[in-house]
Amino acid sequence: MNARLDTFTYDDDIVRKFLWATLIWGLVGMLVGLIIAIQLPIPGANIAPYLTFGRLRPLHTNAVIFAFAGNAWFCGAYYSSQRLLKTRMWSDGLSKFHFWGWQAIIVAAALTLPLGFTQGKEYAELEWPIDIAIAVVWVAFAINYFVTLSKRRERHIYVAIWFYIASIVTVALLHIFNNLSVPVGPLKSYSLYAGVQDAFMQWWYGHNAVAFFLTTPFLGLMYYFMPKAADRPVFSYKLSILHFWTIVFMYIWAGPHHLHYTALPDWASTLGMLFSVMLWMPSWGGMVNGLLTLRGAWHKVTEDPILKFFVVAVTAYGMSTFEGPMLSVKSVNALAHYTDWVIAHVHTGALGWNGFLTFGMAYWLAPRLFQVKEMHSKKLMEWHFWLATFGILLYVVAIYAAGATQGLMWRAFDTTGRLQYPDFVETVMRLMPMYWVRVAGGSLYIAGLVIGIWNLYKTWAARPATYTEHEVQAAPLAAEYVDPHPTPVAAGAWARFTGAAWHRTWERMPIFFTVIVALAVVVASLFEILPTFLIKSNVPTIASVKPYSPLELAGRDIYIREGCFNCHSQMIRPFRFETERYGDYSKPGESVYDHPFLWGSRRLGPDLARIGGKYPDLWHVRHMYAPQEITQRSIMPAYPTLQTTPLDFDGIQKRVDAMVMLGVPYGDAVRDARGQAEAQAQAIAAGVEASGGPKGLADKEIVALVAYLQRLGRDLRTASTSAAVQATPHATSGPPLAAAGSVPR
């Protein structure tokens, strides 16, 4: 046994930095959320072009996920890992690079998203230079973390470390492969994938960003800070093992359940559903392990606000991980998808699980980090807890009700067999009271956060003039190790397995442990990815589907820039209530030239997959200028600047060239994209003027957007018309007609 003791100190300065970043960005992200919540019932609160719902919504989601929750994870991980591994982080320089690099990325997101620079992929909106910066910072974090692991003074790696390892490895894989793209300019790119494949990759990433950025790292925090606050050991070591490995292996399969009844092959979404349903039990195993850690300490919960935060957090985790599998069941998904039900589900997790766990951790850390005796005010902690709790309840109850209302109204038929609510706006208006309740609930939650920040500030203000770096002593790892609690050989292999002796061995080998985690994630991913990409029958081609014209491509980019996909889907599901309202259901081959796909995940406005040709160009011009003049009760923002902002004709050729690099057959447009775009723009502008609309639009952005909207769905209607002409010799050709029963508003 080595009698030498090493003397060292922990780096708590980096923890303090991440703690303050968590609180500041959390307040910013939630205030942006409150703004967009107000913009729904008050469309006039949208200020074009930079402060509209479509541009602010991704800023809100990125700020809450990557700025608030991300900094919270890093804060807790740096504190707990050093103490669990009995060592200072390997490099203070890399720790600081991680902190400042991450904050720079957040600032870049806060600037670029309102300016309209976005990839248009949910939770992955940031453009390619920022994606590269994320990868660089993440690699620095990973190097620092894994070298620290190798230099640890604790033989076994504790359960929290397992979850941190899985998160670091998996987030890297998700980020890199989902964000592969072809740059067009300094802040513009096109996804390497298109249509069905892009949708699959996005939700392989999107669902698992929730899994491995908002779930597994926070489970690691739970396994460290909850036992610390309760002064109790984790309830079950074996349950921790079961919880960890089932989560790591099963979660990665679940993404396709976001695409039920879409153009994704049915086998893929069914597979996602099966693994999602199976996830329920291991997820609840983690919840049970967390709550039962408090056994014998329940009396403390009534007295300690920190434990109250933790209890609500773990309960919210249990609710979210029950509801997620339930929503993945196809019959439930048919009702809930595209509705606010999913928004309520997400906020139960983000505000309840991530938020409350973060607040409890912050209150536990503050006296230790600021080297004071206790928090400034226990009463203010209680106020924070109760305001946030009532805020969540108001928020989610109202939005669950809104989601159920949407789903039921969309599918309602009257006694004559017609849609009972044919105008989409009728459903929207029914939600307004619930949206105001959400504003009230969100305001209460933010009020609690403000009180919490003030309480933490006052605690910080009482700190000593100079922080003391307390020295710690620990023995270095010996070259040889003898397990103090070996499983007797006579007990047999089964006893050694059930006694988890094999896992104790793995815990002594962090590199091997990491490789096994990576293999579990990669193998599970490839089983879904390879068939989706390699089996051509998954995406049968449609001869009538052609690439967008250069002007339509430019208009599509404006549509993406303005975040229209945040409110409008372009995916008609094969249900009668959808085909009656919008037209024929969407086919896999329709979107083969869509880089990125724009199927959407929510409907605050009607589906646009068949909007092309249903209204004249002038209707679209006026609709974008003043939506409420076209549909009186519309909550859509106005975009008057589109009629005054010059269209970038010079950049159209670069966009076409990038699409050609991705395999899109553009023909003559490769040589004359600008000329073709100008000719089409002149024709649209002349038609608008002849119809009594505004003059001089030929070089304005509105013309490109109109061109794109008028294209949607027309390829398939052209094919249907041609087939009808061939089948009926006396039929005459004419312009494509609107699908029966479609009433987009």
Revision key, fill the gap. Note on the stretch 539-554: residues touching a Lys or Arg at 6+ places or on another chain (Cβ under 8 Å) and crowded, with 19+ Cβ neighbours inside 10 Å are Tyr548, Ser549, Pro550, Glu552, Leu553, Ala554
Check your understanding: How many of the residues in the stretch 688-703 are of a type in the set (Gly, Ala, Ser) and surrounded by fewer than 15 Cβ atoms within 10 Å (Cβ to Cβ)?
Key -> 4
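For residues that are among the charged types (D, E, K, R) and over 24 Å from the mean Cα position of the chain (by Cα), scanning just the stretch 430-466, find the one that is nearest to Gly360 (Cα to Cα). Before you say what the answer is, go through the steps one by one.
Residues of the stretch 430-466 that are among the charged types (D, E, K, R), as a first pass: 430, 438, 458, 463.
Keeping just the survivors that are over 24 Å from the mean Cα position of the chain (by Cα) gives 430, 458, 463.
Values: Arg430: 37, Lys458: 17, Arg463: 20 Å.
Out of the qualifying residues, it is Lys458.
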Exercise for review: Kindly indicate which of Ala124, Ala160, Ala135, Ala140 is within 18 Å of the chain's Cα centre (by Cα), under 23 Å from Thr216 (Cα atoms) and part of a helix (DSSP H, G or I).
Suggested key: Ala135
Check your understanding: Out of all the residues in the stretch 628-641, is one or more buried (at least 20 other Cβ atoms within 10 Å of the Cβ), touching a residue at least 40 places away in the same chain (Cβ under 8 Å) and part of a helix (DSSP H, G or I)?
Key -> no
Study note, to complete from the structure: Taking the stretch 653-672 and keeping residues at pLDDT 95 or above, touching a Ser or Thr at 6+ places or on another chain (Cβ under 9 Å) and either buried (at least 20 other Cβ atoms within 10 Å of the Cβ) or within 14 Å of Ser549 (Cα to Cα) (or both) leaves Ala658
Study note, to complete from the structure: When (1) surrounded by fewer than 20 Cβ atoms within 10 Å (Cβ to Cβ); (2) in a helix (DSSP H, G or I) are applied to Trp90, the one that fails is (2)
Check your understanding: What pairs come up if the first residue lies in the stretch 1-30 and is closer than 17 Å to Ser81 by Cβ, the second is in a helix (DSSP H, G or I) and of a type in the set (Val, Ile, Thr), and their beta carbons are under 9 Å apart, counting only those six or more places apart or on different chains?
Key -> Thr22/Thr358
Review point. Does the stretch 310-333 contain at least one residue that is in contact with a Lys or Arg (Cβ under 8 Å, 6 or more places away or on another chain), modelled with pLDDT of 95 or more and either in a helix (DSSP H, G or I) or of a type in the set (Phe, Trp, Tyr) (or both)?
Key: no
Revision key, fill the gap. Exactly one of Ser549, Ser537, Ser544 is among the hydroxyl-bearing types (Ser, Thr, Tyr) and free of Cβ contacts under 8 Å to residues at least 12 places away in the same chain, and that residue is Ser537
Review point. When Ser525 is evaluated against the numbered criteria (1) at pLDDT below 90; (2) farther than 17 Å from Tyr237 by Cβ; (3) of a type in the set (Gly, Ala, Ser); (4) in a helix (DSSP H, G or I), which criterion, by number, is the only one it fails?
Key: (1)
**Study point:** Residue check for Thr270: buried (at least 21 other Cβ atoms within 10 Å of the Cβ), under 23 Å from the mean Cα position of the chain (by Cα) and of a type in the set (Val, Ile, Thr)
**Key:** no
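Take the residues in the stretch 210-228 that are of a type in the set (A, V, I, L, M), part of a helix (DSSP H, G or I) and touching a helix residue (DSSP H, G or I) at 6+ places or on another chain (Cβ under 6 Å), then tell me which one is farthest from Trp162 (Cα to Cα). It would help to see each step written out before you state the result.
Here is the first cut: in the stretch 210-228, the residues of a type in the set (A, V, I, L, M) are 210-211, 214, 219, 221-222, 226.
Still in the list and also part of a helix (DSSP H, G or I): 210-211, 219, 221-222, 226.
Next cut, touching a helix residue (DSSP H, G or I) at 6+ places or on another chain (Cβ under 6 Å) only: 211, 219, 221-222, 226.
Working: Ala211: 14, Leu219: 10, Leu221: 11, Met222: 12, Met226: 16 Å.
Filtering first and then ranking leaves Met226.
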Revision key, fill the gap. The residue from Phe200, Phe146, Phe177 that alone is outside the structural domain of Ala658 (by TED's automatic domain parsing), of a type in the set (A, V, I, L, M, F, W, C) and buried (at least 21 other Cβ atoms within 10 Å of the Cβ) is Phe200
Practice item. Please find, within the stretch 579-615, the residue that is surrounded by the fewest Cβ atoms within 10 Å (Cβ to Cβ) out of those that are assigned to a loop (DSSP other than H, G, I, E, B) and charged (D, E, K, R). Key: Lys587
**Study point:** Pairs, first under 30 Å from Lys695 (Cα atoms) and touching a residue at least 24 places away in the same chain (Cβ under 8 Å) in the stretch 657-685, second of a type in the set (Lys, Arg) and crowded, with 20+ Cβ neighbours inside 10 Å, C-beta under 9 Å, six or more apart
**Key:** Ala673/Arg655; Ala681/Lys700
Check your understanding: Just wondering, is there one or more residues in the stretch 174-191 that are charged (D, E, K, R) and at pLDDT 95 or above?
Key -> yes
Review point. Pairs under 8 Å by beta carbon, first residue farther than 19 Å from Tyr193 by Cα in the stretch 583-596, partner among the basic types (Lys, Arg), six or more apart or different chains?
Key: Gly583/Arg610; Asp584/Arg610; Tyr585/Arg573
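Residue by residue through the stretch 234-256, note down the ones that are assigned to a loop (DSSP other than H, G, I, E, B), within 18 Å of Val314 (Cβ to Cβ) and either free of Cβ contacts under 8 Å to residues at least 24 places away in the same chain or of a type in the set (A, V, I, L, M, F, W, C) (or both). Give the steps one after another, and end with the answer.
First pass over the stretch 234-256, keeping only residues assigned to a loop (DSSP other than H, G, I, E, B): 234-236, 252-254.
Narrowing further to those that are within 18 Å of Val314 (Cβ to Cβ): 234-236.
Once the filter is applied, which keeps residues that are assigned to a loop (DSSP other than H, G, I, E, B), within 18 Å of Val314 (Cβ to Cβ) and either free of Cβ contacts under 8 Å to residues at least 24 places away in the same chain or of a type in the set (A, V, I, L, M, F, W, C) (or both), the stretch 234-256 yields Val234, Phe235.
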Revision key, fill the gap. Restricted to the stretch 410-464 and to residues being aromatic (Phe, Trp, Tyr) and surrounded by fewer than 18 Cβ atoms within 10 Å (Cβ to Cβ), the residue nearest to Phe577 (Cα to Cα) is Phe413
Exercise for review: Only residues that are part of a helix (DSSP H, G or I) and over 16 Å from Val171 (Cα atoms): list them for the stretch 145-157, please.
Suggested key: Val147, Thr148, Leu149, Ser150
Exercise for review: Check whether at least one residue in the stretch 457-471 is polar (S, T, N, Q), modelled with pLDDT of 95 or more and part of a helix (DSSP H, G or I), and report yes or no.
Suggested key: yes
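Within the stretch 691-733, count every residue that is more than 24 Å from Glu562 (Cα to Cα), modelled with pLDDT of 55 or more and of a type outside the set (A, V, I, L, M, F, W, C). Give the steps one after another, and end with the answer.
Filtering the stretch 691-733 down to residues more than 24 Å from Glu562 (Cα to Cα) leaves 691-692, 715-733.
If we keep only those that are modelled with pLDDT of 55 or more too, we end up with 691-692, 715-720.
Checking which are of a type outside the set (A, V, I, L, M, F, W, C) leaves us with 691-692, 715, 717-718, 720.
Count: 6.
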Practice item. Quick one: which residue in His345, His299, His384 is modelled with pLDDT under 95, assigned by TED's automatic domain parsing to the domain that holds His470 and assigned to a helix (DSSP H, G or I)? Key: His299
Review point. Only one of Val664, Val670 is in contact with a helix residue (DSSP H, G or I) (Cβ under 7 Å, 6 or more places away or on another chain) and either part of a strand (DSSP E or B) or not polar (S, T, N, Q) (or both); which?
Key: Val670
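The values are calculated or read from the model by the stated rules, or taken from the named source; none is laboratory data. In this text, all values refer to a predicted model and were calculated from it rather than measured experimentally. Note that we place each Cβ from the backbone using ideal geometry, even for glycine, and neighbour counts take in every protein chain shown.
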